[in-house]
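Only the coordinates and a few stated rules stand behind these numbers; no lab work does. This structure is a prediction, so every number in the text was calculated from the model and none was measured. FYI the Cβ positions are ideal-geometry reconstructions off the backbone, even for glycines, and counts take in every protein chain you see.
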Amino acid sequence: MDALSRLERTIAERRGADPQASYVAQLHDRGVPVIARKVGEEAVEAAVAALAGSREELVGEAADVLFHLMVLLSAKDIPLAEVLAELDRREGVSGLEEKASRSE
C-alpha cells in the first residue's frame, strides 16, 4: 500500500475520534470551510518555499499540502481513487487541450 493510501486510511480512522486527541478529528469538527482555508494556506507556504526556501522546506510544505488536501477530500467523501481515476483519464492529453475542454 502506498503512502497516500495509508494516509487515506488513517484519516478515515481518525475522522470520528475525540478532537482533543486527533488533529484530523479537530479539522473535521471545524468543517469544510476551515479545512479548505488550511489547504490554501499550505499551498501558499509551498509556493513561498519553492521560491525562497530550501529543498527540505519545499518537501515539508508539499507534504502539508497533500495531507490537508486528503483531509478535505475525506470531509467531502471523495475517495483518493476518484482523484486518481481523473488523473488517469487525463493521461496522454495535452494540458492545454484538457484546460480548453473545461471552458467549452
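In deg cm²/dmol and to the nearest 500, what is the mean residue ellipticity at 222 nm of the chain if only DSSP H runs of at least 4 residues count, each as -39500 (n - 2.57), divided by the residue total? Spell out each step's value before the answer.
Numbers: 6 runs with 81 residues, N = 104.
Rounded to the nearest 500, the figure is -25000 deg cm²/dmol.
If you average the sequence gap of Cα pairs under 8 Å that are 6 or more apart and divide by the length of the chain, what percent do you get for the contact order?
Values: 69 pairs, mean separation 26.2, N = 104.
After rounding, I find 25 percent.
Highest mean first, what order results for 77-90, 48-61, 14-27 on Cβ atoms within 10 Å? Display every interim value, and only then the final one.
Values: 77-90: 11.1, 48-61: 13.3, 14-27: 15.1.
In descending order of packing, they fall as 14-27, 48-61, 77-90.
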